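Only one structure is covered here, and it is reproduced in the block below.
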Amino acid sequence: MKFRESLSGGKKSNQTRENISGSVSSLEVHDLTVSYHRRPVLWDIDFEMPEGKLVAIVGPNGAGKSTLIKAIMGLVPPASGYVKIFGQSLEDARPRVGYVPQRNSVDWDFPTNVLDVVLMGCYGRIGLFRRPRAADRDVATDALRQVGIADLAKRQISQLSGGQQQRVFIARALAQDVDLYLMDEPFVGVDAATEGAIIELLREMRRRGKTVVVVHHDLGTVRDYFDWVLLLNLRLVAFGPLEEVFTDTLLQQTYGGRLNILTEVGELMKKQDRGRELR
Amino acid sequence: MDAAFWIILTGTLAGASCALVGSFLVLRKMSMLGDAISHAVLPGIVIAFLMTGSRSSIPMLLGAALFGLLTAFIVETLHRKGKLQQDASIGVTFTWLFAIGVILISRYTGMVDLDQDCVLYGEIAYVTLDTVAVWGVQVPSAILTLGGLFIVNLLFVGVSFKELKITAFDPSLALSLGISATLWHYVLMGMVSMTTVATFWSVGAILVVAMLIAPGATAWLLTDRLRSMLLYSLLLSLASAIGGYYLAVALDGSIAGAMAVVSGILFALALFFSPTHGILVRRIRLRRVVEREAKIKGGDAALQS
């Protein structure tokens, strides 16, 4: 219940429509196609995202969710199309956009400690060949405090639990202090307490006007956590406010025949069975 | 000063220069690429040698470094565009380039002062034969080359510590921050190539791999901090050079070979006895946990009965 209240409160203060027609979009993607070994993995993606939203990217495995945010960050080359961030090219907008990779994309045995990893969020600001200063350390320490693991600052990163690892990555993003965040599966393999702490932080970021885009695969929590949804399955199925987009019909379209593997969404399974009969 | 001192110093400087860049190869899980580069620079060395007739010229360093970069580039291209596995593309690339070097040597072996033994195993024992006077002291010219190389590598790692660290740990974050992981990959490979070429004459193409990889790999077992890892890798190079020299004297065998053997022994020691990551310590920790669990369970059982 509490989640619902804060969600509707967020909506009132954010005023969706003004954002769309008024200020610049936080993120624009136009005609984006990405292919891997000549096989398209994203096809003609086109959308504009208003500022100050918590956005979930939802779709089945292999739908291209991670690829989409990687393509936006320039980590995979597009076959066609372009991206604009706050009306600028990626290169110009870099100081305003941050990327949080999947937790398992790095080697946690790397010889470094928690504070050093969080400090990496400041590397873009610090500049080539310069060393982090005391002020950067303060920013990093403060970020660790916000995610509730300030006491682990000197801990070797190999000694962290999955939840703590994810908190380190979120702290690093906070230290980066940008206006648009793209996060790849931040809720995978974390404990319930961490998931709660992270979503509270994401809401706090939204309150401060940040836009947070999250690749998410738990359909059961989309309604509680997010206010905008992007449904993806190779193509963009739908993009918009939660209540308009997160509907049975559109989810059906997104997941197609594969919906039945998501056993946690019982009601959707029923819908799908009905859909099969129709077909 | 006697030959022993110069040989040990040569081994230390060569090893330390290799360890500095090699540690980052280990961290990036690209040790085999170091192996590949150290072999693939051979044709570059031979061609430069044939053209200039000298061993320690700057054009030679650069020419061979180009071959190193070429290796890194071909490996990457075969892997990405050719859908070849990373290890397979490394295997194909460096043996091919190395073979070209071997052909070049055997074809021109009569014309130049360069033989297969020297290329493969180095000739560290003879460093004192080629000396230059520095402030009245006869210093082996290899010391000057390797000393210069060590300083360059130290400066390189010192200045770009932050960039080397982030591109090794989290290349996609680095890219998103505008720090090009690809650019730093090739910068590091360029440094590895130069280092390999400069140390080539002392230790040869095969043993240089031990100097690149063993100290970094051993140091990683001993510490949780990147700075300490680099420092330890330097100390390990020193220990390998000293230990290797005296082992070679005792066995009357190859000095470079003995140095590599000692660095391997040091690695094995660290693997078993490291206070942080050693197999022994982990065993003991595990046993303690098991005993504690058993005690708790035993207590529970006693309570229940």
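Worth a mention:
- Residue count, region B:2-55 (criterion: in contact (Cβ under 8 Å) with a residue 24 or more places away in the chain, under 22 Å from B:Leu234 (Cβ atoms) and not in a helix (DSSP H, G or I)): 1
- Selection within region B:247-266 - more than 16 Å from B:Met211 (Cβ to Cβ) and either in a loop (DSSP other than H, G, I, E, B) or hydroxyl-bearing (Ser, Thr, Tyr) (or both): B:Asp252, B:Gly253
- Tally, over region A:126-142, of residues that are under 26 Å from the mean Cα position of the chain (by Cα) and at the interface with chain B (Cβ under 9 Å from one of its Cβ atoms): 1
- Residue that is nearest to the other protein chains (Cβ to nearest Cβ), among those in region A:144-170 that are within 23 Å of A:Glu204 (Cα to Cα) and not in a helix (DSSP H, G or I): A:Ala153
- Members of region B:194-211 that are more than 15 Å from B:Ile8 (Cα to Cα) and β-branched (Val, Ile, Thr): B:Thr195, B:Thr196, B:Val197, B:Ile206, B:Val208, B:Val209
- Against the criterion of being within 14 Å of another protein chain (Cβ to nearest Cβ), surrounded by fewer than 24 Cβ atoms within 10 Å (Cβ to Cβ) and part of a helix (DSSP H, G or I), B:Thr145 does not qualify.
A quick yes/no check of all residues on (1) surrounded by 20 or more Cβ atoms within 10 Å (Cβ to Cβ); (2) farther than 22 Å from A:Val97 by Cα; (3) modelled with pLDDT of 95 or more:
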{"position": "A:Phe129", "(1), (2), (3)": "no, no, no"}
{"position": "A:Ala134", "(1), (2), (3)": "no, yes, no"}
{"position": "A:Gly148", "(1), (2), (3)": "no, yes, no"}
{"position": "A:Gln159", "(1), (2), (3)": "no, yes, no"}
{"position": "A:Tyr181", "(1), (2), (3)": "yes, no, yes"}
{"position": "A:Asp191", "(1), (2), (3)": "no, yes, no"}
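Here is a yes/no grid of residues against (1) aromatic (Phe, Trp, Tyr); (2) at pLDDT 95 or above; (3) surrounded by 20 or more Cβ atoms within 10 Å (Cβ to Cβ):
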residue: A:Phe169; (1), (2), (3): yes, yes, yes
residue: A:Asp218; (1), (2), (3): no, no, no
residue: A:Arg223; (1), (2), (3): no, no, no
residue: A:Asp227; (1), (2), (3): no, no, yes
residue: A:Leu230; (1), (2), (3): no, yes, yes
residue: A:Tyr255; (1), (2), (3): yes, no, yes
residue: A:Met269; (1), (2), (3): no, no, no
residue: A:Leu278; (1), (2), (3): no, no, no
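- In region B:218-247, the residues that are away from every other protein chain (no Cβ under 13 Å) form Cβ pairs under 9 Å with partners that are assigned to a helix (DSSP H, G or I) and among the aromatic types (Phe, Trp, Tyr), at six or more places apart or across chains, as follows: B:Leu236/B:Phe267.
- B:Met259, sole failed condition from (1) in contact with a Leu (Cβ under 9 Å, 6 or more places away or on another chain); (2) at pLDDT below 90: (2)
- Just so you know, in region B:45-80 the residues that are at pLDDT 85 or above and in contact with a Phe, Trp or Tyr (Cβ under 7 Å, 6 or more places away or on another chain) include one that is surrounded by the fewest Cβ atoms within 10 Å (Cβ to Cβ), and it is B:Leu69.
- All positions within region B:172-197 that are at the interface with chain A (Cβ under 9 Å from one of its Cβ atoms), crowded, with 21+ Cβ neighbours inside 10 Å and not aliphatic (A, V, I, L, M): B:Ser176
- For region A:45-96, filtering for residues that are in a loop (DSSP other than H, G, I, E, B) and aromatic (Phe, Trp, Tyr) leaves 1.
- Among the conditions (1) on the phi > 0 side of the Ramachandran plot; (2) open to solvent by 70 Å² or more (accessible area, probe 1.4 Å), B:Trp96 misses just one, which is (1).
The values are calculated or read from the model by the stated rules, or taken from the named source; none is laboratory data. It should be emphasised that the depicted structure is a prediction, and the values quoted were computed from it without experimental measurement. We place every Cβ from the backbone using ideal geometry, glycine too, and count neighbours over all the protein chains shown. Ligands, DNA and RNA are excluded from the accessible area calculation, which covers all protein heavy atoms including side chains. Shrake-Rupley method; radii C 1.70, N 1.55, O 1.52, S 1.80 Å.
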